[in-house]
Amino acid sequence: MPPASTAPRIPVEERLFSLVLALLATDAGLTKNEILSTVQGYRQKYSHSGDNANLERQFERDKDDIRDLGVPLETIESPGQAGNNQSLRYRIPRGSYELPSDIVFSPEETTLLNLAAMVWREGSLSGESRRAILKLRSLGVTTTEPVLGYAPRVRVREPAFDPLSTALEKRTIVKFAYLKPGEREARVRTVAPLALVQHQGRWHLYADEPESGATKTFLLRRIVSQVSATSQTFPAPPADTTEKALAELDEVWNAHTAVVEVQPGSDADTRLGKRRGASVSDSGALELHYSDVNIFADELASYGPEALVVTPQELRDAVKARLERTAADHG
Amino acid sequence: MPSRLASNGRRRTMAERAQPRHAQDKLAFLLSLVPYLMDHDRVSVGDAAKQFGVPEEQIREAVRLIGVSGIPGETAMYQHGDLFDIAWDDFEDNDQIVLTNLVAIDDSPRFSAREAAALIAGLQYLSALPENADRDAIATLTAKLSRGASAEPSQVAVEASESDETLALIRESVASGVQLEFDYLNSQGERERRRVDPLRVESVDADWYLRGWCHLREALRTFRIDRISNPSITSEPITHGAKDVPLPDTLFEGSADDLLVTIDVAPGAVPLLADYIPDGANTVEKDGTVRTTVRVSHYHGLKRLIASMPGVATVVAPPEARAIVAEWAAAGAARYGASSPSR
């Protein structure tokens, strides 16, 4: 074998592809040493006599990158050698790697999934959905052209989204500074992130807070620091956690009802009347649900004289104070 | 390969940082392309490119790599039988792909937990679309995605919206090629009956828009769906289809008549105004406040925006814009009467 310095440089994707092929082809698994000395992309840099620490670190990173794609790369201990790192064997079990053959997608379903992928045009989920579509296309299904063109988009503007979604996946406990509505100072929270849900156009984190022993909902836009991962992990939440998070948000939303008078024919009349769950009371005013008094007050303030909050008093005061503030700031 | 050489020389740190994602994407592509090629005894580079929505050269590059890849095998020497093989002459001369030897891979890969979650959440978000009216079909599709993932899909969800009557009508009008008619209230408070050739439905989070050719204005217009009332389908055929009118990517295009307004914003709120800040706007941060410029079609739209950000965004200039915002907010506050309830 030629010395490392003149060895041909193998592109990263060729090394990763070769690693996946090698691990798919083995039932018993391969040891790290077998991989580094024989698999394309490693073997060129492998030293039979010397130190392979760099190459080992590369292998660790490659394993993470491959697992990140959803490839179930397994580690198994050799019989009778539990705890011996050098005898660990690696493999990709075919059954957990391959899409079950009974899963097929019709052209209509494929069209819907393409639309669903289009929703994520920013943030880490755009990469995820792009790769999901690649896998879908590998099945060879063609799509039906939708009658009407759609360009849906969910924004992920909050910088906390990506680190939280990684923590969710890896089940890592995280810390961040959170500015609670109505409080002046942000406080550092340590939580186990269970779900990320968008409700009424806003992203929320549903998380266990060990300190208080409670499950809480945090508004992502009120996370005012970077999200930092700790070294602690937590057990997987039940599969229906997102439904639970959305149901709790809905419960809060349902529990808050405002009565708002709107000028007939105004923008407030047209748009507020179309909010989900909006109804008209006996007096002709709109009955509207909301989640957070501060957020809803901001929205109602935008309508200026077109909307007048009748009840509750807290919301009435909040809208009035906002309008007075804006008038004063521009006076 | 020249491209490979270029990447290890200059700008190494940047290349290294950019590499993992890039290489991961390439790996995902290779793992997806192989089963597709296996299912087709013979496929042209053009057809494969079309199926995956990628440039033909990307297919050729991937096929060249697949053609020399394989497993170490018994001898650990990557012998001929341990490698994929393709009909090279057919490939080089006719741009046709024929796999002649297969290794290791039998089927398409599963979705990752996050990939499945992204698609499931996207489907939930789209539940307002008439195409999604069949909730059972959506549930079946979601279950398939979960079962087709290598781990439990991660917990990301978007609240489902109710089926929207207006969206259903828009779709119907497109399907039958007739104009749509509705009352529309613009942000200046003017209500008009519009006749529109619908071209595309777009959305941003909870807000939905119709882009279409407006026969009243004889121009391309963007309508907020929640400002549309009394929609109905006419018998008048459309004169502009999606193929005739190129739609710009941005939902709101600037026009020469736009007004420029200087505002002060809290730094954290700048992203909320990103749509209104024109490219190359002069943005300066001083004493914890960002001074920048927003572009609006008229001050009456601006007053609503500014009134929704009390204490967070303030109009600095021109005076006319400040006055309109002040008047709007004061008129709103006045409705609560002079005898203010105690706070």
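The values are calculated or read from the model by the stated rules, or taken from the named source; none is laboratory data. Here the structure is a predicted model, which is why all the values come from computation and not from measurement. Using ideal geometry, Cβ is built from the backbone for each residue, glycine included, and neighbour counts are taken over all protein chains shown. Only protein heavy atoms, including side chains, enter the accessible area calculation; ligands, DNA and RNA are left aside. Shrake-Rupley method; radii C 1.70, N 1.55, O 1.52, S 1.80 Å.
Some notes on this structure:
- Filter result (surrounded by 20 or more Cβ atoms within 10 Å (Cβ to Cβ) and hydroxyl-bearing (Ser, Thr, Tyr)) within region B:277-307: B:292, B:299
- Flag for residue B:279 being free of Cβ contacts under 8 Å to residues at least 12 places away in the same chain and within 24 Å of the chain's Cα centre (by Cα): yes
- Where residue B:207 falls short, out of the listed (1) open to solvent by 40 Å² or more (accessible area, probe 1.4 Å); (2) within 20 Å of the chain's Cα centre (by Cα); (3) more than 9 Å from chain A (Cβ to nearest Cβ): (3)
- Tally, over region A:44-61, of residues that are in contact (Cβ under 8 Å) with a residue 24 or more places away in the chain and touching a Phe, Trp or Tyr at 6+ places or on another chain (Cβ under 9 Å): 1
- The numbered conditions (1) within 21 Å of residue B:154 (Cα to Cα); (2) open to solvent by 20 Å² or more (accessible area, probe 1.4 Å) are all true for residue A:142 except (1).
- Subset of region B:308-319 [open to solvent by 30 Å² or more (accessible area, probe 1.4 Å) and aliphatic (A, V, I, L, M)]: B:312, B:316, B:317
- Among (1) more than 10 Å from chain B (Cβ to nearest Cβ); (2) under 12 Å from the mean Cα position of the chain (by Cα); (3) in a loop (DSSP other than H, G, I, E, B), the one test that residue A:145 misses: (2)
- The one condition in (1) under 25 Å from residue A:132 (Cβ atoms); (2) free of Cβ contacts under 8 Å to residues at least 60 places away in the same chain; (3) surrounded by 14 or more Cβ atoms within 10 Å (Cβ to Cβ) that residue B:97 fails to fulfil: (2)
- If you go through region A:64-87 and pick out every residue that is at pLDDT 90 or above, touching a Ser or Thr at 6+ places or on another chain (Cβ under 9 Å) and not in a strand (DSSP E or B), you end up with 5.
- The set of residues in region B:218-246 being touching a residue at least 40 places away in the same chain (Cβ under 8 Å), open to solvent by 40 Å² or more (accessible area, probe 1.4 Å) and part of a loop (DSSP other than H, G, I, E, B) consists of B:238, B:239, B:240, B:242.
- The set of residues in region A:278-325 that are more than 20 Å from residue B:305 (Cβ to Cβ) and assigned to a helix (DSSP H, G or I) comprises A:293, A:313, A:314, A:315, A:316, A:317.
- Criterion violated by residue A:183 - all others in (1) facing chain B (nearest Cβ under 8 Å); (2) without any contact (Cβ under 8 Å) to a residue 24 or more places away in the chain; (3) of a type in the set (D, E, K, R); (4) part of a loop (DSSP other than H, G, I, E, B) satisfied: (1)
- From A:302, A:281, residue being touching a strand residue (DSSP E or B) at 6+ places or on another chain (Cβ under 7 Å), among the polar types (S, T, N, Q) and open to solvent by less than 40 Å² (accessible area, probe 1.4 Å): A:281
- Filter result for residue A:75 (more than 8 Å from chain B (Cβ to nearest Cβ), under 27 Å from the mean Cα position of the chain (by Cα), surrounded by fewer than 16 Cβ atoms within 10 Å (Cβ to Cβ) and not acidic (Asp, Glu)): yes
- Residue B:131 fulfils the conditions (1) under 19 Å from residue B:45 (Cβ atoms); (2) open to solvent by 30 Å² or more (accessible area, probe 1.4 Å); (3) in contact with a helix residue (DSSP H, G or I) (Cβ under 7 Å, 6 or more places away or on another chain) except for a single criterion, (1).
- Members of region B:17-43 that are open to solvent by 30 Å² or more (accessible area, probe 1.4 Å) and outside any helix (DSSP H, G or I): B:40, B:41, B:42
- Among residues of region B:176-194 being farther than 24 Å from residue A:147 by Cα and of a type in the set (Gly, Ala, Ser), the one that is modelled with the lowest pLDDT is B:187.
- Residue match in region B:139-160 (condition: over 30 Å from residue B:85 (Cβ atoms), touching a Leu at 6+ places or on another chain (Cβ under 7 Å), open to solvent by 40 Å² or more (accessible area, probe 1.4 Å) and not in a strand (DSSP E or B)): no
- Residue count for region A:125-145 satisfying the condition of being at pLDDT below 90 and in contact with a Ser or Thr (Cβ under 6 Å, 6 or more places away or on another chain): 3.
Yes or no, residue by residue, for (1) open to solvent by 60 Å² or more (accessible area, probe 1.4 Å); (2) over 24 Å from residue A:291 (Cβ atoms); (3) within 8 Å of chain B (Cβ to nearest Cβ):
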| position | (1), (2), (3) |
| --- | --- |
| A:172 | no, yes, no |
| A:176 | no, no, no |
| A:199 | no, no, yes |
| A:218 | no, no, no |
| A:233 | yes, yes, no |
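- Residue satisfying all of: in region B:75-94; facing another protein chain (nearest Cβ under 10 Å) and of a type outside the set (Gly, Ala, Ser); most open to solvent (accessible area, probe 1.4 Å) among these: B:77
- On the stretch given as region B:277-288, residues that are of a type outside the set (D, E, K, R) and out of contact with any Ser or Thr (no Cβ under 9 Å at 6 or more places or on another chain) total 2.
- Taking the conditions (1) more than 29 Å from residue B:268 (Cβ to Cβ); (2) open to solvent by less than 50 Å² (accessible area, probe 1.4 Å); (3) more than 10 Å from chain B (Cβ to nearest Cβ) in turn, residue A:294 satisfies each one other than (1).
- The one condition in (1) within 7 Å of chain B (Cβ to nearest Cβ); (2) in contact with a Pro (Cβ under 8 Å, 6 or more places away or on another chain); (3) open to solvent by 30 Å² or more (accessible area, probe 1.4 Å) that residue A:168 fails to fulfil: (3)
Quick grid of which residues meet (1) touching a Phe, Trp or Tyr at 6+ places or on another chain (Cβ under 7 Å); (2) part of a loop (DSSP other than H, G, I, E, B); (3) within 7 Å of chain B (Cβ to nearest Cβ); (4) of a type in the set (Asp, Glu):
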{"position": "A:102", "(1), (2), (3), (4)": "no, yes, no, yes"}
{"position": "A:110", "(1), (2), (3), (4)": "no, no, no, no"}
{"position": "A:135", "(1), (2), (3), (4)": "yes, no, yes, no"}
{"position": "A:150", "(1), (2), (3), (4)": "no, no, yes, no"}
{"position": "A:153", "(1), (2), (3), (4)": "no, yes, yes, no"}
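- Test: residue in region B:92-104 that is acidic (Asp, Glu), closer than 17 Å to residue B:69 by Cβ and part of a helix (DSSP H, G or I): no
- Candidates B:199, B:169 - the one that is hydrophobic (A, V, I, L, M, F, W, C), at pLDDT 85 or above and within 30 Å of residue B:280 (Cβ to Cβ): B:199
- Checking residue B:142 against (1) farther than 30 Å from residue A:208 by Cβ; (2) more than 8 Å from chain A (Cβ to nearest Cβ), the condition it does not meet: (1)
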